[in-house]
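The values are calculated or read from the model by the stated rules, or taken from the named source; none is laboratory data. The shown structure was predicted, so the numbers you read here are calculated from the model rather than taken from an experiment. All Cβ positions, even for glycine, are placed from backbone atoms using ideal geometry, and neighbour counts span all protein chains on display.
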Amino acid sequence: MSFEIRKIGVVGAGQMGCGIAQVSASAGFEVLLNDISPERIEAGIARIGANLGRAVERGGMTVAEKDAALALIKPAADFAALGDADLVMEAASENEEVKRAVFTNLRGHLKPEAVVATNTSSISITRLAASTDRPGRFIGIHFMNPVPRMQLVELIRGIATDDETFAAAKVFIEKLHKTVTVSEDFPAFIVNRILLPMINEAIYTLYEGVGSVDAIDTAMRLGANHPMGPLQLADFIGLDTCLSIMQVLHEGLADSKYRPCPLLVKYVEAGWLGRKTQRGFYDYRSGAPIPTR
């Protein structure tokens, strides 16, 4: 009989982890939400409640459906609390050391048949799998941000990922009413392999003085019909995340076309990481985004 995923553990109650927990609970899965402190878990559950509340206001779900989804999400104070999860999704920050530490510390806490997945947007699945006790039961499940709104999920097998793990992950994503695209395990997979060099090129265009922030974003919104400009998108993703993905591409593919723009490095060094710090290519502190260049 094939393995079925019913209960989900999510490690990381940030934007991505909360999004994954929200769509999983909305689809009827039990969810155990873990983070490094009870306060962060509580804040995560509160954020999910607020997001579901907005979905009710928009007519996307009923109050009863919202309450049912929230009731399925429980705090998991430590990794031992994830012991009966069928799938544990890691949604920590895009930093290989942090992710490896999660997988190392999960050892011994999960049932033997449990699948472990990473939501990495760029790091080698095969390499991350090597820090687990179950490379065959390990897979990349890369959700897009914001998770509740974005239709696509990239599924990435490591060299050791077995067929049953792949099949169970695929069925899980389909039950979330999302579309699967399968990527080979190369740096940044499909979406970010194409998207991030475009964002990096937009930053070079700014750095070289070809156009201002407003000119570049307006050009791509109206000239290429993009829903938001590349610099606005970079701020939304987080400039630190953009930089780490470009570094993975540059190191992993050893091609100078992936060199992170020095201006991106400078903004990250300044702590101007985009929306989450209220400053990036735009300044958000007044409420209305004002270009910083």
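Is it the case, given these coordinates, that residue 8 is in a helix (DSSP H, G or I) and buried (at least 21 other Cβ atoms within 10 Å of the Cβ)? Don't jump to the end; show me each part of the working.
Values: in a helix (DSSP H, G or I): no; buried (at least 21 other Cβ atoms within 10 Å of the Cβ): yes.
No, not satisfied.
Could you go through region 199-209 and let me know if any residue there is under 21 Å from the mean Cα position of the chain (by Cα) and either buried (at least 20 other Cβ atoms within 10 Å of the Cβ) or β-branched (Val, Ile, Thr) (or both). Walk me through it before giving the result.
Let us first name the residues in region 199-209 that are under 21 Å from the mean Cα position of the chain (by Cα), namely 199-200.
Still in the running and either buried (at least 20 other Cβ atoms within 10 Å of the Cβ) or β-branched (Val, Ile, Thr) (or both): 199-200.
Yes, region 199-209 contains a residue that is under 21 Å from the mean Cα position of the chain (by Cα) and either buried (at least 20 other Cβ atoms within 10 Å of the Cβ) or β-branched (Val, Ile, Thr) (or both).
Can you pull out the residues in region 237-252 that are among the hydrophobic types (A, V, I, L, M, F, W, C) and at pLDDT 95 or above? Don't jump to the end; show me each part of the working.
Within region 237-252, the first condition is being among the hydrophobic types (A, V, I, L, M, F, W, C), and the residues that meet it are 237, 239, 242-243, 245-246, 248-249.
Selection gives 239, 242, 243, 246, 249.
What about residue 216, is it modelled with pLDDT under 95, closer than 24 Å to residue 146 by Cβ and touching a helix residue (DSSP H, G or I) at 6+ places or on another chain (Cβ under 8 Å)? Break it down into steps so the answer makes sense when it comes.
Working: modelled with pLDDT under 95: no; closer than 24 Å to residue 146 by Cβ: yes; touching a helix residue (DSSP H, G or I) at 6+ places or on another chain (Cβ under 8 Å): yes.
No; evaluated as a whole, the condition is false for this residue.
Just the residues that are within 13 Å of residue 24 (Cβ to Cβ) and either acidic (Asp, Glu) or crowded, with 16+ Cβ neighbours inside 10 Å (or both), please, taken from region 52-74.
The answer is 52, 69, 70, 72, 73.
Determine which member of the set 252, 223, 238 is crowded, with 20+ Cβ neighbours inside 10 Å and small (Gly, Ala, Ser). Give the derivation first.
Details: 252 fails: crowded, with 20+ Cβ neighbours inside 10 Å; 223 fails: crowded, with 20+ Cβ neighbours inside 10 Å.
Every option except 238 fails the conditions.
State the number of residues belonging to region 71-110 that are over 21 Å from the mean Cα position of the chain (by Cα) and under 18 Å from residue 23 (Cβ atoms).
Adding up the residues that qualify gives 2.
Is there a residue being hydroxyl-bearing (Ser, Thr, Tyr), within 30 Å of residue 124 (Cβ to Cβ) and not assigned by TED's automatic domain parsing to the domain that holds residue 127 anywhere in region 263-273?
Here is the first cut: in region 263-273, the ones hydroxyl-bearing (Ser, Thr, Tyr) are 267.
Next, only the ones that are within 30 Å of residue 124 (Cβ to Cβ) stay: 267.
Now drop any that are not not assigned by TED's automatic domain parsing to the domain that holds residue 127, which leaves 267.
Within region 263-273, one or more residues are hydroxyl-bearing (Ser, Thr, Tyr), within 30 Å of residue 124 (Cβ to Cβ) and not assigned by TED's automatic domain parsing to the domain that holds residue 127.
Here is a yes/no grid of residues against (1) in contact with an Asp or Glu (Cβ under 6 Å, 6 or more places away or on another chain); (2) within 29 Å of residue 6 (Cα to Cα); (3) polar (S, T, N, Q); (4) not assigned by TED's automatic domain parsing to the domain that holds residue 122:
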| position | (1), (2), (3), (4) |
| --- | --- |
| 174 | no, yes, no, no |
| 179 | no, yes, yes, no |
| 196 | no, no, no, yes |
| 201 | no, no, no, yes |
| 205 | no, no, yes, yes |
| 210 | no, no, no, yes |
| 213 | no, no, no, yes |
| 216 | no, no, no, yes |
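Are any residues in region 149-183 without any contact (Cβ under 8 Å) to a residue 12 or more places away in the chain and closer than 21 Å to residue 86 by Cβ, and if so, which ones?
Hits for region 149-183 are 163, 174.
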